[in-house]
């Protein structure tokens, strides 16, 4: 399998549930990202990992907890979410070259609905 | 404030017609520029990117974009649109020195009619 994959593609959860989103990249990259895409809003960067270390947390509420066990896998653990957290969550990866030209490649996203 | 603007929220074109999607940015120095496309229910696919050099950039699927420093623009074009081009298009910018800090526009939704 090539590129960036995400599972599940769709997720419906209640506000008291705990679930996890998974992202895997097959590109040999060293940087991975979580974005949130809500209707009528620009993509919002949530977290950045470089070589498994978190280097960016864009003021994301603690009910979102990322985990990056290795450079190929990235998780987003969810608990006690709110309905306004319903969105498309996109994972991306890049080489992590520490240069501005580092290009990000995206997965298909997980459509999350919080009831 | 630094920003990326896509002035057109929604555009409708006939199949076979030409297309131009607008993107303007406001940054002090020349940023690095990208166009992505998102089909319904899918993630973002990179169409093309501009870092330096020739200001006319060729991308995949027959798309091209032209960087115009004087107008702070990076418009996306295609000479003849196909029905399969119906999607949402995002302009994205990385400011010089803004490694990994990609700013996306709000997107332009393209509808193609027969």
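Within the range A:99-115, take every residue that is within 7 Å of chain B (Cβ to nearest Cβ) and in contact (Cβ under 8 Å) with a residue 24 or more places away in the chain and give me the one that is farthest from the chain's Cα centre (by Cα). Show your work before the answer.
Kept after step one, since they are within 7 Å of chain B (Cβ to nearest Cβ), are these residues of the range A:99-115: A:99-109.
Keeping just the survivors that are in contact (Cβ under 8 Å) with a residue 24 or more places away in the chain gives A:102, A:104-109.
Values: A:102: 18, A:104: 13, A:105: 12, A:106: 10, A:107: 9, A:108: 11, A:109: 8 Å.
Applying the filter and picking the extreme gives A:102.
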(message) Looking for something surrounded by fewer than 21 Cβ atoms within 10 Å (Cβ to Cβ), within 10 Å of chain A (Cβ to nearest Cβ) and on the phi < 0 side of the Ramachandran plot - is there at least one such residue anywhere in the range B:20-27?
(response) no
(request) State yes or no: is residue A:51 modelled with pLDDT of 95 or more, farther than 19 Å from residue A:5 by Cβ and in contact with a strand residue (DSSP E or B) (Cβ under 9 Å, 6 or more places away or on another chain)? (result) no
(message) Only one of A:27, A:81 is within 25 Å of residue B:32 (Cβ to Cβ), more than 14 Å from the chain's Cα centre (by Cα) and assigned to a loop (DSSP other than H, G, I, E, B). Can you tell me which?
(response) A:27
(request) Look through the range A:10-48, keep the residues that are within 10 Å of chain B (Cβ to nearest Cβ) and loosely packed, with under 13 Cβ neighbours inside 10 Å, and return whichever of them is modelled with the highest pLDDT. (result) A:10
(message) Tell me yes or no: at least one residue of the range A:56-78 is facing another protein chain (nearest Cβ under 9 Å), within 26 Å of residue A:16 (Cβ to Cβ) and either assigned to a strand (DSSP E or B) or in contact with a strand residue (DSSP E or B) (Cβ under 7 Å, 6 or more places away or on another chain) (or both).
(response) no
(request) Residues being crowded, with 20+ Cβ neighbours inside 10 Å and assigned to a loop (DSSP other than H, G, I, E, B): count how many of those fall in the range B:102-114. (result) 3
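Name every residue in the range A:84-98 that is more than 7 Å from every other protein chain (Cβ to nearest Cβ), part of a loop (DSSP other than H, G, I, E, B) and under 26 Å from residue B:98 (Cβ atoms), in order of residue number. It would help to see each step written out before you state the result.
Residues of the range A:84-98 more than 7 Å from every other protein chain (Cβ to nearest Cβ): A:84-89, A:91-97.
Checking which are part of a loop (DSSP other than H, G, I, E, B) leaves us with A:86, A:95-97.
Hits for the range A:84-98 are A:95, A:96, A:97.
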(message) Restricting to the range A:40-78, name every residue that is under 20 Å from residue A:14 (Cα atoms) and over 13 Å from the mean Cα position of the chain (by Cα).
(response) A:61, A:62, A:63
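Tell me which residues, restricted to the range B:98-114, are in contact (Cβ under 8 Å) with a residue 12 or more places away in the chain and more than 7 Å from chain A (Cβ to nearest Cβ).
Scanning the range B:98-114 gives B:103, B:107, B:108, B:109, B:110, B:111, B:112, B:113, B:114.
The values are calculated or read from the model by the stated rules, or taken from the named source; none is laboratory data. Quick caveat: nothing in here was measured; it's all calculated off a predicted structure. Neighbour counts are summed over all protein chains in view; Cβ atoms, including those assigned to glycine, are modelled from backbone coordinates with ideal geometry.
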